[in-house]
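Since every read-out is calculated from the coordinates, none of them should be taken as a lab result. Predicted model only: the values in this text are computed from it and were never measured. Please note: Cβ atoms are built from the backbone with ideal geometry, for glycine as well, and neighbour counts cover all protein chains shown.
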Amino acid sequence: MLPLTITGISEIAPDVYLISLPKSFDFKAGQVVGITTSQEIPPRLYSIASGEKDPELWILFNLKPEGRLTPDLSLKKNGEQIYISPPSGAFLYDGNPAWWLASGTGIAPFYSMFRSGHRKNIRLIHGGRNANSFYFSGEFISAFGNNYLRCCSGDALPGMYHGRLTQWLLEQEHLPLDIKYYLCGSAEMVIETRDILISKGIPFQSVVAEIYF
Ligand SMILES: Cc1cc2nc3c(=O)[nH]c(=O)nc-3n(C[C@H](O)[C@H](O)[C@H](O)COP(=O)(O)OP(=O)(O)OC[C@H]3O[C@@H](n4cnc5c(N)ncnc54)[C@H](O)[C@@H]3O)c2cc1C
C-alpha cells in the first residue's frame with residue numbers, strides 16, 4: 001500500500017465525504033482503489049471519482065457509523081496520511097450510447113467517466129434520498145440537460161422524479177434495447193435494477209454492473 005498525504009477532505013453532504021489525494025498513478029475511469037488508514041484495518045475498495053486527466057485523485061465515500069474504516073477515514077485532516085493500493089477493476093465505459101444508473105455514492109465512477117470526457121449519447125439517472133444526495137448535480141445539469149434525471153425517494157422536489165430509481169424504471173413503457181446499461185450502487189439496488197431491465201427485454205449481456213458491498 002502506498003502512503004499518500006490528504007490534500008483536502010470535506011463533508012459535501014451529511015455523512016458523505018470527498019477526499020483529495022495527490023495523483024501518483026494513471027488509472028482508467030471506473031476503476032477502484034483499496035484504502036485504509038492503518039495496518040490494523042483491512043483495506044476497503046473505493047471508486048475513483050476524479051477524471052483521468054485531473055491532477056488529483058478524489059474519493060467519494062459514505063460514513064457508515066458502525067463500520068470499521070469510514071468512521072476513522074472521516075476524521076482524517078489535511079496533511080494526514082492514508083494508504084492506497086494501485087488501481088484495478090473492469091467497470092469501464094466503452095464509449096457507445098449508454099444509460100448510467102447510480103444510487104448514492106455509486107455516482108463516483110460515472111463522475112470519473114464524465115470528467116474524463118465522456119458526455120455524448122449518455123443518459124444519467126441518479127437515485128438518492130433527499131436534495132443533498134445529488135452530488136455534482138450542477139455539472140451534470142449543465143452537461144447533460146434533460147439526459148440527467150434525479151430520482152428522489154424522500155422529498156418531492158421540483159425538477160426531480162419523486163420516487164426510487166427502480167420505480168421510475170418500472171414506469172417506463174419502452175427502454176432502448178440497443179444500448180448498454182451501466183449500474184453502480186448497493187447490492188440491493190444493482191440486483192433490483194438489473195432484474196427490472198431484464199424483465200423489460202434488455203439482454204443480460206447489455207447490463208454492466210459494479211456492486212458496492
Ligand atoms: C468495487 C467496490 C467499490 C466501492 N466504492 C465505494 C465508493 O466509491 N464509495 C463508498 O462510499 N463505498 C464504496 N464501496 C464500499 C466500501 O468498500 C466499504 O464497504 C464501505 O465504505 C464501508 O466500509 P467500513 O469499513 O466503514 O464498513 P464495514 O466495517 O465494512 O461495515 C459495513 C456495514 O456493515 C455493517 N457490519 C459490519 N460488520 C457487521 C456484522 N458482523 N454484522 C452485521 N453488520 C455488520 C456495518 O454496520 C456497516 O454498516 C465500494 C465497494 C466495492 C466492492
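Sort 85-91, 152-158, 119-125, 172-178 by the packing proxy (mean of other Cβ within 10 Å over each peptide's residues), most packed first.
Those peptides, ordered most packed to least, come out 119-125, 85-91, 152-158, 172-178.
Comparing 141, 84, 202, which has the greatest mean-square fluctuation in the GNM of the chain with Cα pairs linked when under 10 Å apart?
Among 141, 84, 202, the largest GNM mean-square fluctuation belongs to 141.
Each label point is 7 Å from the Cα along the Cα-to-Cβ direction; what then is the distance between the points at residue 41 and residue 155, in nm?
The modelled label-to-label distance comes out at 3.0 nm.
Where the eigenvalues come from the Cα gyration tensor of the chain, what are the semi-axes √(5λ) of the equivalent ellipsoid, largest first, in whole Å? List each step's numbers first, then the result.
Values: eigenvalues 169, 67, 52 Å².
Ellipsoid semi-axes (Å, largest first): 29, 18, 16.
At 7 Å along Cα-to-Cβ for each site, give me the label-to-label distance between residue 147 and residue 26 in nm.
2.7
Would you mind checking the tilt of helix 187-199 against the longest principal axis of the Cα atoms of the chain, expressed as 0 to 90 degrees and rounded to 10?
Taking Cα atoms only, the helix is inclined about 20 degrees.
In the chain, what percentage of the DSSP-assigned beta bridges are antiparallel, given to the nearest 5?
Working: 24 of 48 bridges.
So the antiparallel bridges in the chain amount to around 50 percent.
Give me the net charge of residue 127's neighbourhood, meaning all other residues with Cβ under 12 Å from the Cβ of residue 127; Lys, Arg count +1, Asp, Glu -1.
On the way: positive: 129, 150, 164; negative: 188, 192.
Surrounding charge for residue 127 is +1.
Sort the following peptides by mean Cβ neighbour count (other Cβ atoms within 10 Å, averaged over residues), highest first: 47-54, 69-76. Can you show the working numbers first?
Numbers: 47-54: 20.4, 69-76: 17.1.
The packing order, highest mean first, is 47-54, 69-76.
Once you keep just the Cα pairs under 8 angstrom separated by 6 or more residues, what percentage relative contact order results for the chain? Show your work: numbers first, answer last.
Values: 442 pairs, mean separation 38.8, N = 213.
Averaging sequence separation for qualifying contacts and normalising by length gives 18 percent for the chain.
With a Förster radius of 22 Å, plug the Cβ-Cβ distance of residue 75 and residue 1 into 1/(1 + (r/R0)^6) and report the FRET value to the nearest 0.05. Display every interim value, and only then the final one.
Working: r = 19 Å, r/R0 = 0.87.
Efficiency for this residue pair is about 0.70.
When ranked by the protection proxy of mean other Cβ atoms within 10 Å per residue, highest first, what sequence do the peptides 4-11, 191-198 form?
Packing proxy ranking, top to bottom: 191-198, 4-11.
Shape of region 45-156 from its Cα gyration tensor (a ≥ b ≥ c, root eigenvalues): rounded if a/c is under 1.5, otherwise prolate when a/b > b/c, or oblate?
It comes out oblate by the Cα gyration axes.
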